[in-house]
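Each reported figure results from applying straightforward, stated rules to the coordinates on display, with no laboratory input. Predicted model only: the values in this text are computed from it and were never measured. Please note: Cβ atoms are built from the backbone with ideal geometry, for glycine as well, and neighbour counts cover all protein chains shown.
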Amino acid sequence: MKKAVLWAMVFTLFVFTSSLSFADGPIDFPSCGNISYENGNYYLTIPQIEVGDIQGWVKWKMNWANAAWEVVNAGLTPAVKGEFYANGRYIYNSQKGVLFVYYQNTTFLDCGPVKKGLDAFIVTSLDSTTMTLISWYPGDDLQLTWTRSSGTSGDIVGIWSGTDGPNTYWGTFNADGTFSLTENIVQCGY
């Protein structure tokens, strides 16, 4: 009985949401999605939803108490492309080779510094034109090499640029402890 009700609700949900439209255009569901059973709960995952130019995914959980699907997780897909921006403050300790960055504002959606907060890096080298950073967090193998046209060895202040796979970024570290980061996202999660 529960499975029959579940499938009826999935079909109804699919038909209803497929007929919705917004100012930017209709929602496009390329497939109905996947229903899974995990730890005594049913989940419906739709891996790709398009609303205008925005692409995302949604995972719902079946709530038997009120016979409704409840969103448990959602996000944007790696298809989110374009130029994104973040800024904030930083502290660089040249003796320890540690860089702390606090993002105060960010427009990044799914790739890059997506939320406000602290990030930490180990600076393995910093000369007049090249800086190599490794993420501080265990298990994160992010290593970036930034370059600038000129500067003082050991001094982070300046305008830096680099690549992260197919993506290009520019970072500015100011003498007053502020910084900004711009990245052109071509592909996220490569």
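Using modelled backbone amide H atoms (1.01 Å from N, in-plane), which distant-in-sequence or interchain residues come within less than 5 Å of TRP136's amide H?
Under 5 Å from the amide H of TRP136: ALA120, PHE121, ILE122.
Please express the shape of segment 82-185 as an equivalent ellipsoid: the semi-axes are the square roots of 5 times the eigenvalues of the C-alpha gyration tensor, given largest first in whole angstrom.
Values: eigenvalues 76, 45, 41 Å².
Sorted largest first and rounded, they come to 19, 15, 14 Å.
Determine, for ILE35, ILE91, the number of other Cβ atoms within 10 Å of each Cβ, and report the residues in order from fewest to most. Numbers along the way, then the final one.
On the way: ILE35 15, ILE91 11.
So the residues, fewest neighbours to most, are ILE91, ILE35.
What is the set of long-range amide H partners of PHE108 at a cut-off below 5 Å, with H atoms built 1.01 Å from backbone N?
Sorted by chain and number, the residues that satisfy this are TYR85.
Given the Cα-Cα distance of ALA68 and THR172 and 0.36 nm per residue of separation, how much length would full extension add, in nm? Present the calculation step by step, with values, prior to reporting the outcome.
On the way: separation 104, 0.36 × 104 = 37.44 nm, distance 4.84 nm.
Result: 32.6 nm gained on full extension.
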